[in-house]
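Trainee: This is the structure I have questions about; it appears just below.
Nothing in this text is a laboratory measurement; each read-out follows from the coordinates by a stated rule. Just so it is clear, the structure is predicted and the values come from calculations on it, not from any experiment. Positions of Cβ are generated from backbone atoms using ideal geometry, with glycine treated the same way; all protein chains shown enter the neighbour counts.
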Amino acid sequence: MAQAAVKRRRIFLLITTPKKDGPGKVFLNVVKNLDLRKYDVYAGFLYGRGELEEELRPYVKGLFNARQRGPLNGWLDAFAAGRLRAYLKDNGIELVNSHLVRANIFGWLAGRRLGVPVVPTVQNLEYHYQPRNPVERLIRRLEGLVFRDAPSVICSSYHLKTNLEKIYSLPGNKVRVVWNGTEDIIYPRRGEAGLRAELGLAGRLVFGIIARLDPQKDIAVLLRAVNLLKGSGALAQMRFLIVGSGSQEAELKAYVERNGLNDAVTFLGYRTDLFNIYNSLDVFVLTSRWEGFAMALVEAASAALPIIASDIGDHRSLITAGWNGYLFPPGDERALAGLIAQMAAADRPKLGRASRQVFLDKFLAAHMAGRYQAVYGEVLGD
């Protein structure tokens, strides 16, 4: 007797905008790696245009944009929840998995009226640590309602889980940790061609950071560390590439100019050819003061790069000092400068191979999507 076909569940993944930033990459990798034998997948955004729209299209049954508009970049567009609710109803959606603050709130407003369970996802700590004005305090209160009403909450690190449970008084069995992951792309062997040749990096030891140029990422501590190395002969053999843009760009460039670091530091601005960037590096650096779980670290590990990173959050789940990189106290330029000098003398290929093995063992996109699916299955009773 032929087996009955398994009913595929209809799920909807929602993110605030279709930008391909860190959270956007997580969102894309979850959608691309879900089991389509089990799910009919729909996806959507609250506003804006971006790369995710076209990249998601081959993997989803439908793509929705609520097109929020009006004051506060659309936050006051109450009708957006109604448009989203109508889409969920028309497509028979059985579960919503939302990503980022605004999507968590509007996804909950839409799903709650229909009795559709909403599983919010939290990727960063900023709103939860630092509500700086009445609007952000209101957002934190609203998200607390979302979390308390949700059957499960997904977050990207154990550090973040601890803080969510403390701030919102959530039971430990509600908050589920799913580390971010990326697909295993075989990176070509690094050499002197491509970007290294373009920038005249032949023979240089190339350190790189890929991040927004804002206070969270603390690029300034890297520049201060480089400045401490200025008197050493080792700095002449190094180049530091800073990839990204943001609110502190002018300030950081002025520091480099003022301290005579132009031969050591190059700002590349916002780039989309990140695989080319990673393949041009010898060492990856991340200097953040706080993170949920940085996708850049996962990507660097997949590229077999040794890593120097601030000792925050769950960074120790990916980096073991002396095994595949080094950790320094956040904001401590002297410690960072010492580790840069230490990395220059280290067996970097060995550290890089260890980074890649950690990635393959723990941070593949398929692993991440499987853990998301496990949460969906629990919520749906499958």
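Trainee: Among the lysines, which have Cα under 18 Å from the Cα of LYS19 when same-chain residues fewer than 8 positions away are ignored?
Mentor: Within the straight-line limit of under 18 Å, LYS19 reaches these lysines: LYS32.
Trainee: Right, another one. Given bins 5 angstrom wide, list per bin the percent of all Cα-Cα distances in region 1-155, short to long.
Mentor: Percent of Cα pairs in each bin: 2, 9, 19, 22, 22, 14, 6, 3, 1, 1, 0, 0, 0.
Trainee: Would you list which lysines come within 29 Å of LYS230, measuring only between C-alpha atoms, while excluding same-chain residues fewer than 8 positions from it?
Mentor: LYS217, LYS253, LYS350
Trainee: Which FRET efficiency value, to the nearest 0.05, do you get for ASN133 and LEU36 by plugging their Cβ-Cβ distance into 1/(1 + (r/R0)^6) with R0 = 51 Å?
Mentor: Numbers: r = 43 Å, r/R0 = 0.84.
My answer for the efficiency is 0.75.
Trainee: Still on this structure, please answer the following. Rounded to whole Å and sorted largest first, list the principal axis extents of the Cα atoms in region 150-247.
Mentor: Rounded to whole Å, the extents work out to 54, 35, 24 Å.
Trainee: Here's something else I'd like to know. Please list, in order along region 292-308, the HN-Hα scalar couplings obtained from phi with the Karplus expression 6.51 cos²θ - 1.76 cosθ + 1.60 (θ = phi - 60°), rounded to whole Hz, x for Gly and Pro.
Mentor: Along region 292-308, the couplings run x, 8, 6, 4, 4, 5, 5, 5, 4, 5, 5, 8, 6, 9, x, 10, 10 Hz.
Trainee: Pick out which of LEU34, LEU84, LEU201 has the largest mean-square fluctuation in a Gaussian network model of the chain, springs linking Cα atoms closer than 10 Å.
Mentor: The residue with the greatest mean-square fluctuation here is LEU201.
Trainee: Residue by residue, what Karplus-based ³J(HN,Hα) values in Hz, rounded to whole numbers, does region 194-205 have, using 6.51, -1.76 and 1.60 with θ = phi - 60° and x for Gly and Pro?
Mentor: x, 4, 4, 5, 4, 9, x, 9, 4, x, 8, 8
Trainee: Also, quick follow-up: Points 7 angstrom from Cα along the Cβ direction at LYS253 and ARG57: gap in nanometres?
Mentor: It is 3.5 nm.
Trainee: Work out, in µm²/s and without decimals, the Stokes-Einstein translational diffusion coefficient of region 273-343 at 20 °C, 1.002 mPa s, Rh from Kirkwood over C-alpha pairs.
Mentor: 175
Trainee: Taking the Cα centre of each part, how many Å lie between region 20-58 and region 307-328?
Mentor: Rounded to whole Å, the Cα centres lie 29 Å apart.
Trainee: Further, regarding this structure: Between ASP347 and ARG148, what is the spin-label point distance in nm, taking each point 7 Å from the Cα along the Cα→C-beta axis?
Mentor: Result: 5.5 nm between the two label points.
Trainee: Still on this structure, please answer the following. In whole Hz and in residue order, list the ³J(HN,Hα) couplings for region 343-353 that follow from phi through the Karplus curve 6.51 cos²θ - 1.76 cosθ + 1.60, θ = phi - 60°; x for Gly and Pro.
Mentor: 5, 4, 9, 7, 7, 5, x, 5, 4, x, 4
Trainee: Normalised by the number of residues in region 195-362, what is the relative contact order in percent for Cα pairs under 8 Å and 6+ residues apart?
Mentor: Working: 280 pairs, mean separation 40.0, N = 168.
RCO, region 195-362: 24 percent.
Trainee: Can you give me the three principal axis dimensions of the chain from its C-alpha atoms, in Å, biggest first?
Mentor: Here the Cα extents, ordered largest to smallest, are 69, 58, 37 Å.
Trainee: Okay, next question. Under 1.5 on a/c is rounded, so check that first for region 195-362, then, if it is not, pick prolate when a/b is larger than b/c and oblate when it is not; a ≥ b ≥ c are the square roots of the alpha carbon gyration tensor eigenvalues.
Mentor: Details: a/c = 1.34, a/b = 1.25, b/c = 1.07.
Verdict is rounded for region 195-362.
Trainee: Using label points projected 7 Å from each Cα along Cα→Cβ, tell me how many nm separate ALA197 and ASN73, to one decimal.
Mentor: Going from the ALA197 label point to the ASN73 one covers 4.0 nm.
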